[in-house]
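Structure first, then comments.
The values are calculated or read from the model by the stated rules, or taken from the named source; none is laboratory data. Computed from a predicted structure; not experimentally measured. Cβ coordinates were reconstructed from backbone atoms using ideal geometry, including for glycine residues, and neighbour counts include every protein chain displayed.
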Amino acid sequence: MEPLAEKKKAILESTLELVKENGFHGTPMSMVAKEAGVAAGTIYHYFDSKERLICELYSYVKQRTIDALQAGDNEDLPYQDRFFAIWMSLYTFYIKNPNVLRFFEQFVNSPYNTNKVEVRHDEFHSLLYLFFEKGIEQGHLRPVNPEILGVLAHGSIITTAKVYGRGKIQMGDVELKQIARILWDGMSVR
């Protein structure tokens, strides 16, 4: 018998895929149950409503993004190397998980996105801003609001992943390093 945690994960992963294909409104709970290979009642054991399912899916994919951010960071490296490693780790995560980007885009523009789900400074952004704050304090980065640096860096990662994912521009390691280098050059103290 499949562990309960695995069933919940299957429901979340199935919802992520179906939302990418059909949007929120085109993804009824019955479709999620069928895709996840569980009984309809099983979904309601974990999620009392579709709203709860979508909001927990947001938390689930946000945690996966946090994991990618943390996996890319090694505090033993010089700050600049850490910057490039985090940039590449998040980019790679989004390329390997295009459903996550599509879900985030839909979620932030939906009625599901309320203050109950995400406070202004969620954990992902707090970690990102703290990273840039340390870079400023250590004299590596320009003395500007670390949130601005976080928005610039994360925005460049997301946009690069979207452009690549849509096949608009062919990019290899050289081009990716150029993008990250241009960003670094604009943020860093020379």
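Remarks
- Against the numbered list (1) crowded, with 16+ Cβ neighbours inside 10 Å; (2) under 23 Å from Gly165 (Cα atoms); (3) acidic (Asp, Glu), Glu133 comes up short only at (2).
- From Asn74, Asn97, Asn22, residue being free of Cβ contacts under 8 Å to residues at least 60 places away in the same chain and not assigned by TED's automatic domain parsing to the domain that holds Lys177: Asn22
- Residue within the stretch 17-34 that is modelled with pLDDT of 95 or more, within 22 Å of the chain's Cα centre (by Cα), surrounded by fewer than 19 Cβ atoms within 10 Å (Cβ to Cβ) and closer than 29 Å to Leu152 by Cα present: yes
- Filtered residues of the stretch 1-42 (kept if in a helix (DSSP H, G or I), hydroxyl-bearing (Ser, Thr, Tyr) and within 25 Å of Asn109 (Cα to Cα)): Ser14, Thr15, Ser30
- Residue check, Pro98 modelled with pLDDT under 95, under 11 Å from the mean Cα position of the chain (by Cα) and not charged (D, E, K, R): yes
- Enumeration of residues in the stretch 82-110 that are of a type in the set (Gly, Ala, Ser), surrounded by fewer than 17 Cβ atoms within 10 Å (Cβ to Cβ) and over 27 Å from Glu51 (Cα atoms): Ala85
- All positions within the stretch 43-101 that are part of a loop (DSSP other than H, G, I, E, B) and farther than 20 Å from Ile157 by Cα: Phe47, Asp48, Ser49, Glu75, Asp76, Leu77, Pro78
- The criterion of being in a helix (DSSP H, G or I), without any contact (Cβ under 8 Å) to a residue 24 or more places away in the chain and in the same structural domain as Asp67 (by TED's automatic domain parsing) holds for Ile179.
- Restricting the stretch 164-176 to residues that are part of a loop (DSSP other than H, G, I, E, B) and either within 24 Å of Phe132 (Cα to Cα) or basic (Lys, Arg) (or both) leaves a set whose member that is modelled with the highest pLDDT is Arg166.
- Subset of the stretch 111-163 that is modelled with pLDDT of 90 or more and hydroxyl-bearing (Ser, Thr, Tyr) - its residue that is nearest to Arg181 (Cα to Cα): Ser156
- Screening Asp48 on (1) free of Cβ contacts under 8 Å to residues at least 40 places away in the same chain; (2) over 30 Å from Gly139 (Cα atoms); (3) touching a helix residue (DSSP H, G or I) at 6+ places or on another chain (Cβ under 9 Å) shows it passes everything except condition (3).
- Number of the condition not met by Val144 [criteria: (1) in contact with a helix residue (DSSP H, G or I) (Cβ under 6 Å, 6 or more places away or on another chain); (2) more than 15 Å from Thr65 (Cβ to Cβ); (3) not small (Gly, Ala, Ser)]: (1)
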